[in-house]
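Student: One structure, pasted below without further comment.
The values are calculated or read from the model by the stated rules, or taken from the named source; none is laboratory data. For clarity, every value in this text was computed on a predicted model and none was experimentally measured. Positions of Cβ are generated from backbone atoms using ideal geometry, with glycine treated the same way; all protein chains shown enter the neighbour counts. The protein model used for the area step is the full one, side chains on, heavy atoms only, and it has no ligands, DNA or RNA in it. Shrake-Rupley method; radii C 1.70, N 1.55, O 1.52, S 1.80 Å.
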Amino acid sequence: PGIEFGLDAPYAIEYHDSLPSTNDRARELAADGADGVAVIADEQTGGRGRLDREWVAPSGGVWLSLATRPDVPAARAPLFTLAAAVAIADACREAGVDAHIKWPNDVLVGATSENGVGSAGDDATAGRGGRKLAGVLTEMEGEADRISWIVPGIGVNANLDPEALPPGAASLRGELGEPVDRREFAATLLERFDALAGTADRMDGILPAWRERASTLGRRVRVDTSNGPVTGIAVDVEPPGALVIETGEGAQRVHAGDCEHLRS
Ligand code: BT5
């Protein structure tokens, strides 16, 4: 089913058949003062991941970015990424797919048990604790004491053929064997996101919800940060979203980077 109309959600919807990137459009709207608009496209021709990586986004996915102007300090921005991951995981579970979160922004399926990690042999991504169903790219502008705007961008491989996606990717259709109703999926996702991050006083629930759905905690991980790799056991996530890694030489907090789940 299409996602082009009839979405009952706590956000105004701006739908496009095709856009270069829903994040770019939402940034434009947010910079112009929009607060509470969800930009949704059936297809993106220039989808972006973090660090200027490409995000493959053909017709059939849920490609969605929120133009928001919350009254919170910039330091809390990482919480929006965590909230988006929780909202995605919940919408996936409601659709019948047992999704889990890999710090900070990946939603994965498969290989949740500790001993299952790496069971997929040489397949790089599968061997690292699951196949990627969704990702989040959050972009913002503002001063330290207040965000001017923030755009959480959400990409979910909904009704796609996994063959059309990069190696190590999964889709809801691939997991379920049939398409999902994307309108229902997007509505659930937006409702969950709003419940977690819609107002500053709601945001306290984000970390507990994230911990419950994360497969990273308790795992041996390597995070590649801009200061080099940090390896150890991921023991917790701390405000506003830092991963605490027990390295053997004390705990280290990492705020951004690419995380790999390692064999223990
Ligand atoms: C992400 O980046 O995971 C963030 C993805 C955010 C996409 C949404 S879609 C709506 C909004 N508009 C945009 O333009 N972007 C956002 P990162 O963690 O850097 O992962 C990127 C990597 O994932 C790539 O280098 C590929 O290896 C892989 N990849 C690319 N497309 C994929 C897909 N559809 N499914 C799974 N993996 C993919």
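Student: Using a 1.4 Å probe, what is the accessible area per residue for the chain, in Å²? Please list the in-between numbers first.
Tutor: Working: 11470 Å² over 264 residues.
Ligands and nucleic acids excluded, the result is 43 Å² per residue.
Student: Under 5 Å between amide H atoms, partner at least 5 residues away or on a different chain: which partners does T138 have, H built in plane at 1.01 Å?
Tutor: Hits under the 5 Å cutoff: G153.
Student: Could you tally the net charge around V230, taking each other residue with its Cβ under 15 Å from the Cβ of V230, Lys/Arg +1 and Asp/Glu -1? Kindly include the intermediate steps, with their values, before the conclusion.
Tutor: Working: positive: R219, R220, R222, R253; negative: D224, D236, E238, E246, E249, D258, E260.
Net of charged neighbours comes to -3.
Student: By per-residue mean of other Cβ atoms within 10 Å, what is the highest-first order of 155-167, 220-232, 85-97, 202-214?
Tutor: Numbers: 155-167: 19.0, 220-232: 15.5, 85-97: 22.6, 202-214: 17.2.
Ranked from most to least packed, the peptides come out as 85-97, 155-167, 202-214, 220-232.
Student: Here's a follow-up. Only helices at least 20 Å long along their own axis, judged from Cα atoms, and with Kyte-Doolittle mean hydropathy of 1.0 or greater: name those in the chain from DSSP H. Mind dumping the intermediate values first?
Tutor: Numbers: long enough: 77-94 (26 Å, 1.13); 182-197 (22 Å, -0.03).
Both cut-offs are met by 77-94.
Student: Additional query: Write down the percent of antiparallel bridges among all DSSP beta bridges whose residues are both part of segment 12-215, to the nearest 5.
Tutor: On the way: 28 of 37 bridges.
Percentage antiparallel, nearest 5: 75.
Student: Picking from V37, A186, A134, whose Cα lies most toward the positive end of the charge dipole for the chain (charges on Cβ: Lys, Arg +1; Asp, Glu -1)?
Tutor: A134
Student: Go ahead and estimate [θ] at 222 nm for the chain from helices alone: -39,500 (n - 2.57) per DSSP H run with n ≥ 4, summed, over the residue count, rounded to 500. Working shown, then result.
Tutor: Values: 5 runs with 57 residues, N = 264.
The per-residue figure over the chain is -6500 deg cm²/dmol.
Student: While we're on this one: At a 1.4 Å probe radius, carbon and sulfur cover how many percent of the accessible area of segment 12-215? The partial results should precede the final answer.
Tutor: Details: 3610 of 8310 Å².
Its accessible area is 43 percent carbon and sulfur atoms.
Student: For L66, what accessible surface area do you get with a 1.4 Å probe? Give it in Å², rounded to 10.
Tutor: We get 0 Å² for L66.
Student: Now, a different point. Search the structure for amide H atoms under 5 Å from the amide H of R48, placed 1.01 Å from N in the peptide plane, and list their residues when 5 or more places away or on another chain.
Tutor: W55
Student: Defining a contact as two alpha carbons under 8 Å apart and six or more residues distant in sequence, what relative contact order in percent does the chain show? Present the calculation step by step, with values, prior to reporting the outcome.
Tutor: Numbers: 629 pairs, mean separation 52.4, N = 264.
Across the chain, relative contact order equals 20 percent.
Student: Treat segment 12-215 as a sphere of radius equal to its Kirkwood radius over Cα pairs and apply Stokes-Einstein at 4 °C in a medium of 1.567 mPa s; give the translational diffusion coefficient in µm²/s, rounded to a whole number. Don't jump to the answer; show the numbers that get you there.
Tutor: Details: Rh = 16.9 Å.
Translational diffusion coefficient: 77 µm²/s.
Student: What does the charge add up to near G155, with Lys and Arg as +1, Asp and Glu as -1, over the other residues with Cβ less than 11 Å from its Cβ? Working shown, then result.
Tutor: On the way: positive: R48, K132; negative: D106.
In short, +1.
Student: Right, next: How would K102, K132 line up by accessible area, probe 1.4 Å, largest first? The partial results should precede the final answer.
Tutor: On the way: K102 30, K132 55 Å².
Greatest to least solvent exposure: K132, K102.
Student: Then there's this: In whole Hz and in residue order, list the ³J(HN,Hα) couplings for segment 64-75 that follow from phi through the Karplus curve 6.51 cos²θ - 1.76 cosθ + 1.60, θ = phi - 60°; x for Gly and Pro.
Tutor: Taking θ as phi minus 60°, the curve returns 8, 10, 9, 8, 9, 10, x, 8, 9, x, 4, 4 Hz for segment 64-75.
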